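Asks: Pasting a structure below so you can have a look.
The values are calculated or read from the model by the stated rules, or taken from the named source; none is laboratory data. The shown structure was predicted, so the numbers you read here are calculated from the model rather than taken from an experiment. Using ideal geometry, Cβ is built from the backbone for each residue, glycine included, and neighbour counts are taken over all protein chains shown. Side chains are part of the model used for accessible areas, which takes the heavy atoms of the whole protein and leaves out ligands, DNA and RNA. Shrake-Rupley method; radii C 1.70, N 1.55, O 1.52, S 1.80 Å.
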Amino acid sequence: MPKNTITGYRRRLGQFTDWLRLNKKCHPAEPETWTRYYASLKRRKLSVYTRKGHYHILNRFGTWLLKKGYVYTAPLKDVRPPDLPKNREPKAIFRQHIQAMLAMADDHRDRTILLFFRDTGCRASEALNLTWRDI
């Protein structure tokens, strides 16, 4: 797993554990605790993208805890992640810039690489470290 991804997971799980320390009446193995924390993200007016990221990480962690036998049910099994807006424009690069780069691609390989970055949001450092096993 890429270093940036691990750092993000640790940061978001750390935010969850910080919240647990402040809410001592909540038991970490109870699904209601996870639901309350997730609801608190919405009250903090975090963006839908940030909340979806939290959901993804918490859900994966909860599933891992279930497989290891630390919890009796998947903590977020009854929680639906937020829907992301349709046809979202990329943040870093405008559509016309992407189209210009694709138009300048010399061959199918270059075009495929550009489309891969556009469609996945993968960072260059992450792409350089990809293996067939990752794919």
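Asks: Are there chymotrypsin sites (Phe, Trp or Tyr not before Pro) in region 31-135 that DSSP marks as loop and that have at most 15 other Cβ atoms within 10 Å, and which are they?
Replies: Filter output for region 31-135: Tyr70, Tyr72, Phe94, Trp132.
Asks: Run the accessible area of region 42-81 with a 1.4 Å probe and give the carbon-and-sulfur part as a rounded percent.
Replies: 52
Asks: Let me ask something else about it. Among Ile98, Leu128, Ala29, flag the residue with its Cα farthest along the positive direction of the charge dipole of the chain, charges on Cβ as +1 for Lys/Arg and -1 for Asp/Glu.
Replies: Ala29
Asks: Going 7 Å from the Cα of Arg60 along its beta-carbon direction, which residues of region 1-45 have the amide nitrogen within less than 16 Å of the resulting point?
Replies: From region 1-45, the list is 1-16.
Asks: In the chain, once you exclude exposed trypsin sites (Lys or Arg not before Pro) (DSSP loop, at most 11 other Cβ within 10 angstrom), what's the longest stretch remaining?
Replies: 92-132
Asks: Shifting gears a bit: Counting Lys and Arg as +1 and Asp and Glu as -1, each charge on the Cβ, what is the dipole of region 1-89 about the Cα centre in debye, to the nearest 20?
Replies: I would put it at about 240 debye.
Asks: Calculate the spin-label point distance for Arg80 paired with Ala124, positioning each point 7 Å from the Cα along the beta-carbon direction, and give it in nanometres.
Replies: Once both label points are built, they end up 4.1 nm from each other.
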